[in-house]
Every structure is written in structure tokens, then in C-alpha cells.
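All remarks here apply to the structure that follows.
The values are calculated or read from the model by the stated rules, or taken from the named source; none is laboratory data. Because the structure is predicted, anything quoted here is derived from the model rather than measured. Here the Cβ is made from the backbone with ideal geometry for all residues, glycine too, and neighbour counts use every protein chain on show. What goes into the accessible areas is simple: the full protein's heavy atoms, side chains included, and nothing from ligands, DNA or RNA. Shrake-Rupley method; radii C 1.70, N 1.55, O 1.52, S 1.80 Å.
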Amino acid sequence: MRFGITGHRGLSAPVEQFVRAELSEFLRRFEPSELCGVSCLADGPDAWFAEIVLELGGRIEVVVPAERYRDGLPEEHHAVYDSLLRRAVGLHKTGFRDSSCGAHMAGSEMLVGMVDRVLAVWDGKPARGFGGTADVVAYARRAGVSVDVIWPEGAMRD
């Protein structure tokens, strides 16, 4: 089974703990040999998801939204990004050079096109900018890809 991930960045430690536990519980239902996670590896849910898929014995594929995508991620996340990227069995590039909202949405559309289901760490609110989690969820639903939302009841993001 191929799963994709989308989700809000900059979440609190309690929300991270909840999300990691929910992702792990959800993904444990699948045989490791059949488990493939597709992620852009941004800080937050993208990376947590990839780490969990690998911990469970699955494999990951990475979508790189732009050549300069890594440069736009927080510096403290670079080592995690690099480590996960090295462990990927597949790498998919959009062809964009600069990391922009359009490149991020193109990467998310590519990801949606590669998976059976999307896991969305989403508060259910509109995106704060083009290509945000809500836009990815809407795109997946229009494309007929199942979306499973993970969000702790009553939680707020920043």
C-alpha cells in the first residue's frame, strides 16, 4: 500500500506526540513489505511519517518540489532531511528550480498521483497560503484519492 503525507509544520510538542502515535498506530496495520511512504520530507509531519515508515520496516520515496527546496527548510532540519533522503528507494523531481508555493503544490500533486491514500495532519481549516495542507487535501479528494485526517481534538496550531 502506498501512502502519501501532508501536514502543518511548526506544531507543538504535545501535538507532535499525538500525531506520531496516531501515524504509528495507523501504519502498523499494514505489512512492512507492502508499506511504501511518499513524502516531501519537510520538517514536521512529512519527516515524522517517513521515520515511522522506515522504523516499521517499510520503504520511502521522496518528492523534491524544487532544486532549492532543502534551502528553504529550517537549517536544524537539514541533517534529518539528508538522512531520510539517503534512505529513499525512489526520488521524484518536479523540475522547478526555486522553492515556491507553486513548486510545493506541484510536488504535492505529484505525490497524490503516486499513492493509494493520503494521510493529512490537518486542523480542517483553509490553507494559509497556496499549496497548504487544505489545498492538498482538496486536490486529493478531487483526484479520487482517499484522505485520512489526523488531528487531536481541540488542538490549535500556533
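Structure summary
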item	result
Qualifying residues in the stretch 138-158 (those that are open to solvent by less than 30 Å² (accessible area, probe 1.4 Å) and more than 16 Å from the chain's Cα centre (by Cα)) - the one modelled with the lowest pLDDT	Ala155
Residue among Leu54, Leu73, Leu41 that is open to solvent by 20 Å² or more (accessible area, probe 1.4 Å) and under 15 Å from the mean Cα position of the chain (by Cα)	Leu54
Contacts under 9 angstrom Cβ, first residue in the stretch 138-149 being aromatic (Phe, Trp, Tyr), partner outside any loop (DSSP other than H, G, I, E, B), 6 or more apart	Tyr139/Met105; Tyr139/Ser108; Tyr139/Glu109; Tyr139/Val112
Condition check for Ala66: touching a residue at least 24 places away in the same chain (Cβ under 8 Å), in contact with a Ser or Thr (Cβ under 8 Å, 6 or more places away or on another chain), buried (at least 19 other Cβ atoms within 10 Å of the Cβ) and among the small types (Gly, Ala, Ser)	yes
Top-ranked residue of the stretch 85-137 - restricted to ones that are acidic (Asp, Glu) and surrounded by fewer than 15 Cβ atoms within 10 Å (Cβ to Cβ), ranked as nearest to Glu34 (Cα to Cα)	Asp116
Any hit, the stretch 13-27, residues being open to solvent by 30 Å² or more (accessible area, probe 1.4 Å), closer than 22 Å to Ser146 by Cα, modelled with pLDDT under 95 and of a type outside the set (Gly, Ala, Ser)	no
